1. Please count how many residues of the range 118-144 are surrounded by 14 or more Cβ atoms within 10 Å (Cβ to Cβ) and at positive phi.
2. Can you find a residue in the range 107-117 that is within 21 Å of G60 (Cβ to Cβ), surrounded by fewer than 18 Cβ atoms within 10 Å (Cβ to Cβ) and not acidic (D, E)?
3. Quick check on the range 145-177: of everything there that is crowded, with 17+ Cβ neighbours inside 10 Å, over 16 Å from W132 (Cα atoms) and not polar (S, T, N, Q), which residue is nearest to the chain's Cα centre (by Cα)?
4. Assuming L21 fulfils every condition listed in (1) at pLDDT 95 or above; (2) crowded, with 16+ Cβ neighbours inside 10 Å; (3) of a type outside the set (F, W, Y) apart from one, which condition is it?
5. Give the range 142-178 a look and list any residue that's of a type in the set (S, T, N, Q) and outside any loop (DSSP other than H, G, I, E, B), or say none.
6. Return the residues of the range 61-77 that are out of contact with any helix residue (DSSP H, G or I) (no Cβ under 6 Å at 6 or more places or on another chain) and in a helix (DSSP H, G or I); say none if nothing qualifies.
7. From the list V119, V181, which residue is part of a helix (DSSP H, G or I) and touching a residue at least 12 places away in the same chain (Cβ under 8 Å)?
Amino acid sequence: MTSCANLLKDIRACEICAAHLPLGPRPVLQVSPRARVLIAGQAPGRKVHATGIPFNDPSGDRLRLWLGVTREQFYDANLFAIVPMGFCYPGTGAGGDLPPRAECARTWRRRVLDVLPEVRLTLALGQFAQAWHLKEQKQKTLTGTVMSWRDHLPSGVVPMPHPSPRNIRWFKANPWFEADVVPAVRARVADLLK
């Protein structure tokens, strides 16, 4: 616990990207060495930045629905580690929020994953998390990567689209995701939370 607590203290004091963050640094993550499920997201949005609570927005509502868990379960760090690729809100661009700052993952990601020895399932939400967790096994498109979810399940990684409302068109165009992937992930999560 001490190494995890010290790491969190260091992360919360991080200012590596401060000059590039429109709202300043406010690292948002949730970790415990006992966590069994890792939610690997992209970066906090403006609403999450304001509250400091990961997935405290419509994306989180959809994600909890996919996982079949309550808010209380989701925010229990002993069950779920929530570790985005970038810990701070990166700002907004023409098409929505900017990508997570690369400095964050380079500096912190391996160290955080090292203090999560009990993780048995990693949900890689979106292309940035998928690139990190799947490396060369990532397909050329998000759809292709998510379609290959069964190939990655034995290694404990499930690629998923980000649950953002901005992806509604993708969800509608790919009904197989909620018909096939979501029930399998929900069953695996339920098993891990027993």
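The values are calculated or read from the model by the stated rules, or taken from the named source; none is laboratory data. Note that the coordinates shown come from a computational prediction; the quantities given were computed from them, not determined experimentally. Virtual Cβ from ideal backbone geometry, glycine too; neighbours counted across all protein chains shown.
1. Initially, the range 118-144 is screened for residues surrounded by 14 or more Cβ atoms within 10 Å (Cβ to Cβ), giving 118-119, 121-134, 137-139, 142-143.
After this cut, where a residue has to be at positive phi as well, the list is 126.
So the answer is 1.
2. Looking through the range 107-117, none of the residues is within 21 Å of G60 (Cβ to Cβ), surrounded by fewer than 18 Cβ atoms within 10 Å (Cβ to Cβ) and not acidic (D, E).
3. The extreme case among them is P163.
4. Unmet for L21, out of (1) at pLDDT 95 or above; (2) crowded, with 16+ Cβ neighbours inside 10 Å; (3) of a type outside the set (F, W, Y): (1).
5. Taking the range 142-178 as the starting set, the residues that turn out to be of a type in the set (S, T, N, Q) are 143, 145, 148, 155, 164, 167, 174.
T143, T145, S155, N167, listed by residue number.
6. At the first step, the residues of the range 61-77 found to be out of contact with any helix residue (DSSP H, G or I) (no Cβ under 6 Å at 6 or more places or on another chain) are 61-63, 65, 69-73, 75-77.
Answer for the range 61-77, where residues must be out of contact with any helix residue (DSSP H, G or I) (no Cβ under 6 Å at 6 or more places or on another chain) and in a helix (DSSP H, G or I): D61, R62, L63, L65, R71, E72, Q73.
7. On the way: V119 fails: part of a helix (DSSP H, G or I).
Selected residue: V181, the only one of V119, V181 that is part of a helix (DSSP H, G or I) and touching a residue at least 12 places away in the same chain (Cβ under 8 Å).
Yes/no matrix, rows are residues, columns are (1) of a type in the set (D, E, K, R); (2) out of contact with any strand residue (DSSP E or B) (no Cβ under 8 Å at 6 or more places or on another chain); (3) touching a residue at least 40 places away in the same chain (Cβ under 8 Å); (4) surrounded by fewer than 16 Cβ atoms within 10 Å (Cβ to Cβ):
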| site | (1), (2), (3), (4) |
| --- | --- |
| I11 | no, yes, yes, no |
| C17 | no, yes, yes, no |
| P33 | no, yes, yes, no |
| A43 | no, no, yes, no |
| K47 | yes, yes, no, yes |
| N56 | no, yes, no, no |
| S59 | no, yes, yes, no |
| R62 | yes, yes, yes, no |
| N78 | no, yes, yes, yes |
